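Okay, so here's the structure we're looking at.
The values are calculated or read from the model by the stated rules, or taken from the named source; none is laboratory data. These numbers were taken from a predicted model, which means no experiment stands behind them. Glycine gets a Cβ as well: all are built from the backbone with ideal geometry, and neighbour counts include every protein chain shown. Keep in mind that these areas ignore ligands, DNA and RNA; they rest on the heavy atoms of the full protein, side chains included. Shrake-Rupley method; radii C 1.70, N 1.55, O 1.52, S 1.80 Å.
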Amino acid sequence: MGSAPADLIPPRPTIAGLREVAAACRACELWRRGTRTVFGEGPAPAAVMLLGEQPGDREDRVGRPFVGPAGKLLDRLLDASGIDRRTAYLTNVVKHFNWEPRGKRRIHRRPTKVHVAACRPWLEAELVVVRPTIVVCLGATAAAALLGRPVRLAEERGKVFAGPIEPPVLLTAHPSSILRIDDDRARREAFDALVRDLRVAARRIAAGHV
Ligand code: URA
């Protein structure tokens with residue numbers, strides 16, 4: 001199928017170098033669907049890596065993670081929890097936008113296990129370069145990808161787990177789950193719950209688990 005991460009990842013990678021070569025990734029068919037590879041961004045090393053599922057419509061157009069509606073909400077969540085976005089490395093499990101047409105709109109489709117597995121070498125390379133103290137998994141796809149097992153977010157969110165690969169992993173909900181809530185009060189509660197989870201990471205960073 002053409003260029004796969006194993007052929008593209010240089011022996012001593014940097015984030016800029018990885019981003020450049022990942023633009024040519026053809027490890028799964030999503031490169032045909034998305035406009036471009038949306039690689040992670042932020043400082044490296046960084047104390048915290050925030051891991052989402054995949055770029056959305058806006059991210060696909062702009063070429064940067066978390067710049068659409070979920071990203072704007074993430075900014076507010078980070079502010080409220082005392083994590084400075086500029087100090088965090090933001091990325092996604094899958095680096096192409098998976099979507100299906102609905103009228104003129106491009107509707108998000110969850111990535112499959114094949115997509116997650118194809119993209120995994122990029123995430124592993126990012127972990128090596130960024131060396132985060134903690135990875136915050138935003139949503140079930142990120143959590144399952146890092147822990148290597150299905151997760152029950154309702155029960156496991158707000159907790160820190162040792163994954164098969166370093167570093168420790170904190171699970172929480174995806175910001176887009178808040179955007180889907182119609183009821184004002186329920187939305188506020190979901191926002192507060194996510195802030196509570198993020199504060200677990202903020203405390204670890206502040207305590208110098210760095
Ligand atoms: N949702 C994600 O999981 N990642 C993004 O970059 C944007 C929306």
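Summary of computed values
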| quantity | calculated |
| --- | --- |
| Region 75-122 and region 128-167: distance between their alpha carbon centers, rounded to Å | 15 Å |
| Accessible area of region 154-207 belonging to carbon and sulfur atoms, whole % at 1.4 Å probe | 49 percent |
| Selected from Leu90, Leu194, Leu153 as most flexible by GNM, with the chain as the system and alpha-carbon contacts under 10 Å | Leu153 |
| For region 93-150: rounded, prolate or oblate by the Cα gyration tensor [a/c cutoff 1.5] | prolate |
| Per-residue [θ]222 nm for the chain (sum of -39500 (n - 2.57) over DSSP H runs n ≥ 4, rounded to 500) | -12500 deg cm²/dmol |
| Relative contact order for region 134-210, counting Cα pairs under 8 Å that sit 6 or more residues apart, in percent | 30 percent |
| Rounded to the nearest 10 Å², the accessible area of Val62 at probe 1.4 Å | 70 Å² |
| Solvent-accessible heavy-atom area per residue, rounded to whole Å², over region 19-143 at 1.4 Å | 44 Å² |
| Over the chain, relative contact order from alpha-carbon pairs under 8 Å, at least 6 apart, % | 22 percent |
| Of the DSSP H helices in the chain, those whose Cα atoms cover at least 27 Å axially and whose Kyte score averages -1.0 or more | 184-206 |
| Rounded to 5, percent antiparallel among DSSP beta bridges of the chain | 35 percent |
| Cα gyration tensor, the chain - rounded (a/c under 1.5), prolate or oblate | oblate |
| Check: region 153-210 dipole with +1 on Lys, Arg Cβ and -1 on Asp, Glu Cβ, in debye | 220 debye |
| Sequence-distant residues sharing a close amide H with Leu50 (under 5 Å, placed H) | Tyr89, Leu90, Thr91, Val136 |
| Region 68-120 - percent of accessible surface contributed by carbon and sulfur, probe 1.4 Å | 54 percent |
| Three-way shape call for region 62-187 based on the alpha-carbon gyration tensor, with the a/c threshold at 1.5 | rounded |
| Surface accessible to a 1.4 Å probe, Ile83 within the full protein complex, Å² | 10 Å² |
